[in-house]
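The values are calculated or read from the model by the stated rules, or taken from the named source; none is laboratory data. The structure displayed is predicted, hence computed values, not measured ones. When we count neighbours, we look across all protein chains shown, and the Cβ atoms used for this are built from the backbone with ideal geometry, even at glycine. Accessible surface is based on the protein model in full, side chains and every heavy atom, while ligands, DNA and RNA are left aside. Shrake-Rupley method; radii C 1.70, N 1.55, O 1.52, S 1.80 Å.
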Amino acid sequence: FKQSNIRNFSIIAHIDHGKSTLSDRLIQHCGGLTDREMAEQVLDSMDLERERGITIKAQSVTLHYTAKDGETYQLNFIDTPGHVDFSYEVSRSLAGCEGALLVVDAAQGVEAQTLANCYTAIDMDLEVVPVLNKIDLPQADPMGVAQEIEDIVGIEAVDAVQCSAKTGIGIDEVLERIVRQIPPPQGEPEDPLQALIIDSWFDNYQGVVSLVRVKNGTLRAGDKMTVMSTGQSYQIDKVGFFSPKQTETGILRSGEVGYVIAGIKEILGAPVGDTLTATRRPAEKPLPGFQKVKPQVYAGMFPISSDDYESFRDALGKLALNDASLFYEPENSAALGFGFRCGFLGMLHMEIIQERLEREYDIDLITTAPTVVYEVEKTDGKIVKVDNPVNLPAVNDIETIFEPIVEANILVPQEFLGNVITLCVEKRGVQTAMNYHGKQVSVTYELPMAEVVMDFFDRLKSTSRGYASLDYQFKKFQPADMVRVDIMINGDRVDALAMITHRDHSEGRGRELVDKMRELIPRQQFDIAIQAAIGNHIIARATVKQLRKNVTAKCYGGDVSRKKKLLQKQKEGKKRMKQLGSVEVPQEAFLAVLKVG
Ligand code: GTP
């Protein structure tokens, strides 16, 4: 393909604004797939993603489109994830492109998530092409939303293309805009090879597959390539593109996007953001990569049955093969035994990993309450990072605790502004900016990350009837009066239930937590005392009263089958319980801390 006939683009869209539907349409229009293949929305490949309706991994598809000017173009579409937890992955997809479609639901308007990603695209010098989707809806307001794009995003949108990914109206025009407005890739086919790794994943049959964008030079099967950060060289086995089926071409030229397979056994051997070059004629410098991501939230994960420990470790190893942002290391808890301390990008990431472990690997887990990473300055001047409440130094050894603060951008219709401000204040937020754009208001808050990663997103959604949207990034560490609250069950401190919280909230949260746990811990043959404490100071207590002996016998009566069913149910329920000393504690109790405050 002539380089001048290549277009590389991504789609930036808020969840549910129609990115998957639109990309399916584009693929179908260019004849990439049969109807049956279309049925399985190809770009969202994992089941779980499909069920949750979100896109996580970057994927790509190469399409051929004959435009109205009579020329045939190669369109390389690189998918981007839509959820706030994964927004860092957007920049890696954008790094492979010259342009991006900004898809906005014409009935909903601009949302914060798209805004942040749009700025990233603009910063990276990409051409942003606005697309108003869902114009078939009666409540669509394309002119109003175009104005909103101009006001809030700051790009021209009066003549934005209007389409309906659902009915197919305007899809032609979307393709024409891609060809006309997005510039072709620059780059020298004769220069030494520089190919940017956009994504790498592990395939059981092929080993590591990397999605790359060739910036300069040519990538050929049979040649040897060097991974620039590690200096390791590999024989290139296969090269090609996704149509979306894997299609081998043996060659990728400058400007093109496709895959390379080179007998690499671990994804860390082909790190995302790294540069591939030719071993025989290497490039002098790697391409500017993109920011490496660090986990933001840590939690302990413990198999309910200790027999599962080995398979749990293997499963984590397998998941980490395809997910470089998943961190894990062994953790030993007095209450929960052997498990792993795991690091995640956010709560959604954590839930997805937990679900995959349980569904795909059949391991029942107890997950402890997630926590962010604190910086603690000790009285001896040393600074330690603490990602586990258990590791918080003794009170007398602490000089200052610094908590991570994020900058949160929230877009909300005016009528819900009051609710959003109330929520932010409750979460210890400090307002730094507020701007009105027509019906919408954009507010910026500095908020403790610990407050944001927990239930903030859900609370924000419910307090604004789903209309508010959020984007946030780490800003700084700031001194804060944090304390560790311990939970004791029948006098024993349970390490896995400890939490770090602000002193002002500690009593309220301790109170709520013990109340919550009283509801969650089933009655047993004896009274169970639940206490919350800061050091030796008890701040709250509650009691689970013992069972009255004859109750069970009575209600089961003589109905044998019913009794069996109950027992079976109890057994299933048991799987999710953990024996702490003489007390059985259900999984929910370990996460109850998420539900308080
Ligand atoms: P994520 O994959 O989670 O990022 O969502 P998405 O942005 O890909 O949204 P998706 O394509 O799954 O569409 C969300 C919903 O909007 C689906 O129910 C679609 O059927 C619907 N939808 C998409 N495009 C249109 C459209 O043009 N008109 C109408 N009426 N509905 C649409």
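Structure notes:
- Total residues in segment 464-507, condition more than 26 Å from LEU520 (Cα to Cα) and not basic (Lys, Arg): 16
- The one condition in (1) open to solvent by less than 10 Å² (accessible area, probe 1.4 Å); (2) touching a His at 6+ places or on another chain (Cβ under 8 Å) that THR80 fails to fulfil: (2)
- If only residues of segment 1-24 that are part of a helix (DSSP H, G or I) and at pLDDT 90 or above are counted, the one that is nearest to the chain's Cα centre (by Cα) is LEU22.
- Residues of segment 216-254 satisfying the condition of being hydroxyl-bearing (Ser, Thr, Tyr), touching a strand residue (DSSP E or B) at 6+ places or on another chain (Cβ under 9 Å) and outside any strand (DSSP E or B): SER229, SER243, THR249, SER254
Results for (1) within 15 Å of ASP387 (Cα to Cα); (2) at pLDDT 90 or above; (3) in a strand (DSSP E or B), shown as yes or no for each residue.
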| position | (1), (2), (3) |
| --- | --- |
| GLY300 | yes, yes, yes |
| PHE312 | no, yes, no |
| LEU316 | no, yes, no |
| PRO330 | yes, yes, yes |
| ARG341 | yes, yes, yes |
| HIS349 | no, no, no |
| ARG356 | no, no, no |
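- Scanning segment 166-205 for residues that are of a type in the set (S, T, N, Q), under 25 Å from PRO282 (Cβ atoms) and open to solvent by 10 Å² or more (accessible area, probe 1.4 Å) returns GLN186, GLN194.
- A single member of GLU446, GLU415, GLU451 is charged (D, E, K, R) and touching a Gly at 6+ places or on another chain (Cβ under 7 Å), and it is GLU446.
- Odd one out for SER325 among (1) open to solvent by 80 Å² or more (accessible area, probe 1.4 Å); (2) under 22 Å from the mean Cα position of the chain (by Cα); (3) polar (S, T, N, Q): (1)
- Hey, GLY217 open to solvent by less than 40 Å² (accessible area, probe 1.4 Å), more than 28 Å from LEU115 (Cα to Cα) and either more than 30 Å from the chain's Cα centre (by Cα) or among the charged types (D, E, K, R) (or both) or not: yes
- Only one entry of LEU447, LEU423 meets the criterion of being modelled with pLDDT of 90 or more, touching a Lys or Arg at 6+ places or on another chain (Cβ under 8 Å), more than 14 Å from MET482 (Cα to Cα) and not in a strand (DSSP E or B), and that entry is LEU423.
- Restricting segment 513-524 to residues that are open to solvent by less than 80 Å² (accessible area, probe 1.4 Å) and in a helix (DSSP H, G or I), the residue that is nearest to PRO586 (Cα to Cα): LEU520
- Residue in segment 370-386 that is closer than 30 Å to SER582 by Cα and in contact with a strand residue (DSSP E or B) (Cβ under 8 Å, 6 or more places away or on another chain) present: yes
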